[in-house]
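For reference, the structure is listed below as C-alpha cells.
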Amino acid sequence: MGKQVTVVGGGLAGSEAAWQIARRGVDVRLYEMRPERPTPVHRSGGLAELVCSNSFKSLELANAHGLLKEEARRLGSMILAAAQQSRVPGGAALAVDRVVFSERVTATLENDPRITVIREEVPEIPDDELVVIAVGPLVSDALAASIGRFTGSDYLYFYDAIAPVIEADSIDRSIVFAQSRYGKGGGDDYLNCPFDEATYVRFVEALLAGEKAPLHDVDNTPFFEGCLPIEEMARRGLDTLRFGPMKPVGLTDPRTDSEAHAIVQLRQDNLAAEHFSMVGFQTQMRWPEQKRIFRTIPGLENAEFVRLGQIHRNCYINAPSVLRPSLQTRTRPGLFFAGQISGVEGYTESAATGLFAGINAARLALGQEPLELPANTMLGALCSYISNADPAGYQPTNAAFGLVPHVPVKKRGRKERRLARSAKALEVLDDWIEQHGEGATVELPA
Ligand SMILES: Cc1cc2nc3c(=O)[nH]c(=O)nc-3n(C[C@H](O)[C@H](O)[C@H](O)COP(=O)(O)OP(=O)(O)OC[C@H]3O[C@@H](n4cnc5c(N)ncnc54)[C@H](O)[C@@H]3O)c2cc1C
C-alpha cells in the first residue's frame with residue numbers, strides 16, 4: 001500500500017488540500033470535528049462552511065484577491081470551482097450561496113473514493129508520516145495546546161468579528177435601492193441604505209454608546225486591522241466609517257438623484273435572495289444592542305435578523321519561525337500547516353494555501369521533491385511572507401500587492417500598473433505549471 005496523508009480540519013484549506021492529494025492518486029483521511037464538536041461560530045456539519053461574509057472578494061485582476069483567485073484557478077482549485085458553481089450576484093466579487101457551496105464541497109469530498117471523511121476531534125498533532133494541519137482560527141483547545149507544544153511558543157491570537165445577516169422581506173425597498181458601486185457586475189447587485197448627515201451622526205453616536213459583549217481573554221489582544229468591528233472604526237473618528245464600509249461614492253440614490261452622505265450596503269447571501277448580509281459590518285456589540293441600533297439604519301426599521309454579529313478569538317502560529325515556503329514545518333518535513341492557522345488571513349488565502357500544502361503533501365507521498373512557488377506570484381508571495389517575515393510581532397496577512405517583490409512596469413495609473421503586475425505573475429505561474437505539471441482546469445459535477 002502506498003503512503004496516505006492525514007488532513008486535520010475540513011474547512012476551506014483542509015477540504016482543498018484533501019481534494020488535491022486525492023486527485024494525485026494518494027489516499028486521504030480527512031478529520032473534521034463538526035458536527036460532534038461545534039466551534040463557537042460554525043452552524044452546520046458541512047465541510048468548507050463560510051462563517052461570516054459569503055464573498056470571496058474581488059475577481060478583478062487589478063486587485064490582489066482577484067490575482068490570487070486566478071492563480072488558484074489555474075492551479076486547479078476545487079474550492080474556487082465550487083464557488084463559481086454556487087455564485088450569487090456580487091458585483092465584481094465572487095459571492096456565493098453559502099449553503100449550496102458547502103453542500104457541493106461536502107458531496108465532492110464524501111463521494112471521492114480516495115477520501116475518507118472522519119467526524120472526530122483530533123486532540124494532538126497525529127504521529128503519521130504525512131499530516132496537513134488545517135484547523136482554522138477556531139481550533140479546538142486540546143489541539144491548540146498540542147500545536148503550542150510543537151511550535152515551542154505560546155499560541156498567538158487576536159480578535160475578529162462577524163457581520164449580521166438580514167431577511168430580505170424585512171427590508172424597506174421604498175428607501176433601500178438596488179445598485180452596484182460604479183455600476184459594476186450586474187449594475188444592481190447590492191442593496192443600499194442611504195443616510196443623510198444628521199442620521200449618520202446619530203448612528204455613529206449610537207455605535208459609540210452601544211454596549212459591547214465582554215472579551216473573556218486578555219483584554220489587550222489586538223483586533224485584526226483588515227476586519228475591524230464598526231464600533232472600533234467609529235471610535236477612530238466621525239468620518240472613519242464614511243471612508244470605510246459606509247462610503248457613499250459611486251452610488252446615486254434614485255429618490256434624490258444624488259450621492260447620500262453615507263451608505264450601508266447589503267449583499268445577497270443565498271441563491272434564493274432571501275438573506276442579505278451587511279457588508280463590512282462586523283461587530284462585537286451585544287445582540288439586543290445590535291437589533292436596536294441597526295434598526296435605526298434607513299430602510300432597516302423593521303429588519304429581522306437571521307444572524308447577529310459576533311466576536312471570536314482567532315488563532316494562528318508564528319509562521320516565520322515554524323514554516324518553510326513549501327508550507328512544511330522546518331523541523332518535521334512531513335508535517336504541513338495550511339489555512340488561517342498557518343498565518344494567512346481570508347477565505348481565498350486559506351483555500352489557496354490548502355491547495356499548495358495538498359500539492360506538496362501528495363508529492364512527498366509519491367516520492368517526489370516538494371516545490372516552492374515563485375515569489376513574484378501572489379500565492380508564492382504569501383508563502384514567502386509567512387515563512388520569511390520578521391517573527392517578532394508577526395501578524396497574519398491577506399493577499400496584497402505589497403507582498404510581491406517590486407517589478408518596474410512602464411504604465412501610468414495605479415490600475416494599469418497592477419494589471420501589468422498581475423499579467424507578469426500569471427505568466428510566471430504558467431511557466432511554473434508547465435515545468436512541474438501541477439496545474440489543471442476543474443469542473444465539478446453540477
Ligand atoms: C468568525 C470568523 C469570521 C471570518 N470572516 C471572514 C470573512 O468574512 N472573509 C474572509 O475572507 N475571511 C474570514 N475569516 C477568516 C478565514 O478566512 C476563515 O476563518 C476561513 O474559514 C479559514 O479557513 P480554514 O480552512 O483555515 O479554517 P476553517 O474554515 O475554520 O476550517 C477549520 C476546520 O477545522 C475544524 N477543526 C478545528 N479543530 C479541529 C480538531 N481538533 N479536530 C478536527 N477538526 C477540527 C473546524 O471545525 C473547521 O471546520 C473569518 C474567520 C472567523 C473565525
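The values are calculated or read from the model by the stated rules, or taken from the named source; none is laboratory data. Since this is a predicted model, take the numbers as computed values, not measurements. Cβ placement follows ideal geometry from the backbone for every residue including glycine, while neighbour counts extend to all protein chains displayed. Quick note on the areas: whole protein, heavy atoms, side chains included, nothing else; ligands and nucleic acids left out. Shrake-Rupley method; radii C 1.70, N 1.55, O 1.52, S 1.80 Å.
When each of Thr441, Thr397 is tested for being β-branched (Val, Ile, Thr) and not assigned by TED's automatic domain parsing to the domain that holds Tyr347, the lone residue that passes is Thr441. For region 402-416, the criterion of a residue being outside any loop (DSSP other than H, G, I, E, B) and either polar (S, T, N, Q) or not assigned by TED's automatic domain parsing to the domain that holds Pro325 (or both) is satisfied by no position.
Consider Phe294 carefully, then state whether it is crowded, with 17+ Cβ neighbours inside 10 Å and over 24 Å from the mean Cα position of the chain (by Cα). If you could, list the steps in order and put the result at the bottom.
Details: crowded, with 17+ Cβ neighbours inside 10 Å: yes; over 24 Å from the mean Cα position of the chain (by Cα): yes.
Criteria met by Phe294.
Every condition in (1) surrounded by 12 or more Cβ atoms within 10 Å (Cβ to Cβ); (2) closer than 23 Å to Asp239 by Cβ; (3) at pLDDT 90 or above holds for Ala209 except the one numbered (1).
Just give me the residues in region 254-287 being outside any loop (DSSP other than H, G, I, E, B) and open to solvent by less than 10 Å² (accessible area, probe 1.4 Å), in sequence order. Give the steps one after another, and end with the answer.
Going through region 254-287, the residues outside any loop (DSSP other than H, G, I, E, B) turn out to be 258, 262-268, 275-278, 285, 287.
If the condition is that a residue be outside any loop (DSSP other than H, G, I, E, B) and open to solvent by less than 10 Å² (accessible area, probe 1.4 Å), then Ala262, Ile263, Val264, Leu266, Ser277, Met278, Met285 are the ones that fit.
Selection of region 5-40 for residues being among the hydrophobic types (A, V, I, L, M, F, W, C) and at positive phi yields an empty set. Only one of the numbered conditions (1) of a type outside the set (Lys, Arg); (2) modelled with pLDDT of 95 or more; (3) part of a loop (DSSP other than H, G, I, E, B) is not met by Gly358, and that is (3).
Going through Asp128, Asp154, Asp160, Asp169 one at a time, which residue ends up being at pLDDT below 95 and within 15 Å of the ligand (Cβ to nearest atom)?
Residue meeting the stated conditions: Asp160.
Apart from one condition, Ala142 fits all of (1) closer than 16 Å to Ala273 by Cβ; (2) out of contact with any strand residue (DSSP E or B) (no Cβ under 9 Å at 6 or more places or on another chain); the exception is (1).
In region 17-38, the count of residues that are within 30 Å of Tyr190 (Cβ to Cβ) and near the ligand (Cβ under 7 Å from one of its atoms) is zero. Looking only at residues in region 106-122 that are more than 14 Å from the ligand (Cβ to nearest atom) and in a loop (DSSP other than H, G, I, E, B), the one that is least open to solvent (accessible area, probe 1.4 Å) is Asp112.
Across region 56-70, the qualifying residues are those that are open to solvent by 10 Å² or more (accessible area, probe 1.4 Å) and not in a helix (DSSP H, G or I), and the one among them that is nearest to the ligand (Cβ to nearest atom) is Lys57. Of all the residues in region 270-288, those that are more than 17 Å from the chain's Cα centre (by Cα), aliphatic (A, V, I, L, M) and at pLDDT 90 or above number 1.
Here Leu138 passes the criteria (1) within 13 Å of the ligand (Cβ to nearest atom); (2) surrounded by 22 or more Cβ atoms within 10 Å (Cβ to Cβ); (3) assigned to a loop (DSSP other than H, G, I, E, B) except the one numbered (2).
Filter region 319-349 down to residues that are within 16 Å of the ligand (Cβ to nearest atom) and under 27 Å from Gly66 (Cα atoms), then give me how many there are. If you could, list the steps in order and put the result at the bottom.
Initially, region 319-349 is screened for residues within 16 Å of the ligand (Cβ to nearest atom), giving 319, 322-323, 327, 335-349.
Next, from what is left, pick out any that are under 27 Å from Gly66 (Cα atoms): 319, 323, 327, 336-349.
Qualifying residue count, region 319-349: 17.
Take Phe243 and decide whether it is hydrophobic (A, V, I, L, M, F, W, C), open to solvent by 10 Å² or more (accessible area, probe 1.4 Å), farther than 27 Å from Ser86 by Cβ and not assigned by TED's automatic domain parsing to the domain that holds Leu373. Criteria met by Phe243.
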